[in-house]
Amino acid sequence: MQSAGREPSMEDILASIKKVIAEEKEQRGHITTRMEAEPEQDEAEDEVLELNEPLAPPMDLGPPLLDQSVAETSRQSIETLAAVAASAPPPPAVNPLEEMVREMLRPILKQWLDDHLPKLVDEHVKREISRITGRPLS
């Protein structure tokens with residue numbers, strides 16, 4: 001769906017959410033179908049907790065925190081965003097200019113790392129050993 005190092009796009013996120021919701025609905029449908037297809041068993045054999053009744057009395061949460069018109073306006077804005085994200089063309093998998101620059105810089109970077117990395121690592125290791133032991137290394 002996305003390449004490594006790239007943030008997921010809004011379209012990717014929305015598609016993922018829709019997929020999870022669809023899978024959850026499908027699983028619920030299979031469970032309901034399976035329950036309807038299974039013959040009734042003796043209740044004494046299986047002790048199944050029936051969740052037909054609420055576990056606690058409903059709480060009075062007071063008036064809604066959000067006015068219905070504000071919620072509807074927000075919902076419409078999010079639906080507009082989802083529609084725009086769905087109709088936007090996907091970003092190119094690789095930017096040709098960026099890829100060309102990477103290929104040009106790769107040998108230069110390799111040479112620099114070959115020349116300088118051992119010395120940098122050695123200096124940092126010595127500095128860290130000095131810090132841990134409290135004795136300067138030469």
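Working carefully through the options 67, 46, 42, find the one that is open to solvent by 80 Å² or more (accessible area, probe 1.4 Å), at pLDDT below 85 and of a type in the set (Asp, Glu). Every option except 42 fails the conditions.
The listed residues are 100, 59, and the only one of them that is among the hydrophobic types (A, V, I, L, M, F, W, C) and part of a loop (DSSP other than H, G, I, E, B) turns out to be 59. As for segment 99-107, it holds at least one residue that is among the β-branched types (Val, Ile, Thr) and open to solvent by less than 100 Å² (accessible area, probe 1.4 Å).
The values are calculated or read from the model by the stated rules, or taken from the named source; none is laboratory data. Note that the structure is predicted; figures quoted are calculated from it, not measured. Ligands, DNA and RNA are excluded from the accessible area calculation, which covers all protein heavy atoms including side chains. Shrake-Rupley method; radii C 1.70, N 1.55, O 1.52, S 1.80 Å.
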